[in-house]
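Reviewing the structure listed below.
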Amino acid sequence: MEVTRYSTIPAFYEEVESFLLSQEDRAGIMLGNCISFRDKEWEEEKPFLATVKENGKIMLAAMLVPPYALLLLEKEEADGITAVPHLVAYLIKEDYAIHKIMSPKAVGKVFSEQWTKKNRLEEKVLMDLRLYTLKSVIQPAARPGKLRQARAEDMSFLPNWVRGMTEETNQLVTKSEAEELAKTKLESGSLFIWEEDGRAISMASKTRPNVKGVSVNLVYTPKEWRGKGYASSLVAALSEHLLKEGYEFCTLYTDLANPTSNKIYQNIGYVPVCDYIELKFNQKRTETPA
């Protein structure tokens, strides 16, 4: 097997385009990065971009866009597992530090096992995820209210909602980071609110518009409004809105530790595709002598 590294995102994308587009739902994050960052000028640390091939076939693709996690993607699970040792060996030879990965679960666990053993690290599970795809919406039970785009006056509560959502998913952000994310989403027109009687109840965002598909994320309902069907109504309405924009499918990730969200999304038409895992690598803690 051969590890090939690419110096630019356009060069990487030229190589992996058909590999990604043949599984666009599974490849959404990597594909979205190729599209979003293709013209970016990197002043300091550049992305890590590589493929592992056998006889010209891509067995595994790897992408790290600083400061995010290393993304791994295979098309066939057995291929990815076979390719992992070659990628790990290359990273060690190049003395390349990897602190986090996000990957289809089986491949990610094999990478973690080898990476932690060779570098004397330990893994921490940040997110245990399931990827879903929807092509048509199953309408939930009628719920008072309506979908609307977020407005400037919503900034009075949106940063707090962003922080609440990230706290619950172990992706902690600062107050200023939450404000910046909410502002960016609002200004791009990608943040949506479920409103009832003039009151904002729940939020969700359009993200990663790719070639045929688009994703939904940042789904959050304050605790006092949960269990009343608002999240179902919001995500169903937003998904239908995105399909009417011309996308062929919508995707979203759920936390497997939250059975409620996994159930409600399936009830409105989201179908499981595969499981993902996000892992962080830390130095092993040493035992303190008694």
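Readers should treat all values here as calculations from the given coordinates under stated rules, not as data from a laboratory. Keep in mind that this is a model prediction, so the values were computed, not measured. Neighbour counts run over all protein chains shown; Cβ positions are idealised from the backbone, glycine included.
Between Glu113 and Glu248, the distance separating the two model label sites (each 7 Å from Cα on the Cα→Cβ line) works out to 3.5 nm.
A run of the chain free of exposed loop cleavage sites, with trypsin sites (Lys or Arg not before Pro) counted only in DSSP states other than H, G, I, E and B and at most 16 other beta carbons within 10 Å, reaches its longest extent at 41-119.
Normalised by 2.2 N^0.38 Å, where N counts its residues, the alpha-carbon radius of gyration of the range 6-52 equals 1.12. Once the Cα atoms are used to define both axes, helix 9-21 deviates from the longest principal axis of the chain by about 70 degrees. Between the helical axis of 77-93 and the longest alpha-carbon principal axis of the chain there is an angle of about 60 degrees. For the pair Asp255 and Val211, label points projected 7 Å from Cα toward Cβ lie 3.4 nm apart.
Dividing the helix sum by the residues of the chain, where each DSSP H run of 4 or more adds -39500 (n - 2.57), gives a mean residue ellipticity at 222 nm of -11000 deg cm²/dmol.
Rg then Dmax, both in Å and based on the Cα atoms of the chain: 20.1, 65. Any chance you could count the Lys pairs in the range 134-274 whose alpha carbons are under 16 Å apart, treating pairs 8 or more apart or on different chains as valid? Lysine pair count for the range 134-274: 11.
Once the chain from Gln149 to Glu41 is taken as fully extended at 0.36 nm per residue, the excess over their C-alpha distance is 35.7 nm. Both radii come from the Cα set of the range 2-119: Rg as radius of gyration, Rh as Kirkwood radius; their ratio Rg/Rh reads 0.93.
The overall shape of the range 134-274 is rounded: from the C-alpha gyration tensor, with semi-axes ordered a ≥ b ≥ c, the ratio a/c is less than 1.5.
Within the shell of other residues whose beta carbon sits under 15 angstrom from the beta carbon of Thr174, the net charge comes to -1, with Lys and Arg scored +1 and Asp and Glu -1. Around Pro66, with a cut-off of 14 angstrom between Cβ atoms, what is the net charge of the other residues, counting Lys and Arg +1 and Asp and Glu -1? Net local charge, Pro66 excluded: -1.
With a Förster radius of 45 Å applied to the beta-carbon distance between Arg226 and Ala11, the computed FRET efficiency rounds to 0.45. Other residues with beta-carbon under 15 Å from the beta-carbon of Arg208 carry, at +1 per Lys or Arg and -1 per Asp or Glu, a net charge of +1.
Computed over the chain with a Gaussian network model linking Cα atoms closer than 10 Å, the most mobile of Leu191, Leu218, Leu71 is Leu218. For the chain, the longest principal axis of the C-alpha atoms and the axis of helix 105-119 are separated by about 50°.
With the Cα gyration tensor of the range 213-260 giving a ≥ b ≥ c as the square roots of its eigenvalues, does the rule (a/c under 1.5 for rounded; else a/b larger than b/c for prolate; else oblate) give rounded, prolate or oblate? It is oblate, given that a/c is not under 1.5 and a/b is not larger than b/c.
For the range 240-282, just say rounded, prolate or oblate: build the C-alpha gyration tensor, square-root its eigenvalues into a ≥ b ≥ c, call rounded for a/c under 1.5, and beyond that prolate if a/b exceeds b/c, oblate if not. Oblate, since a/c reaches 1.5 and b/c is not below a/b. A crude spin-label estimate for the pair Ser188 and Tyr68, with each label 7 Å from Cα along the Cβ direction, gives 1.0 nm.
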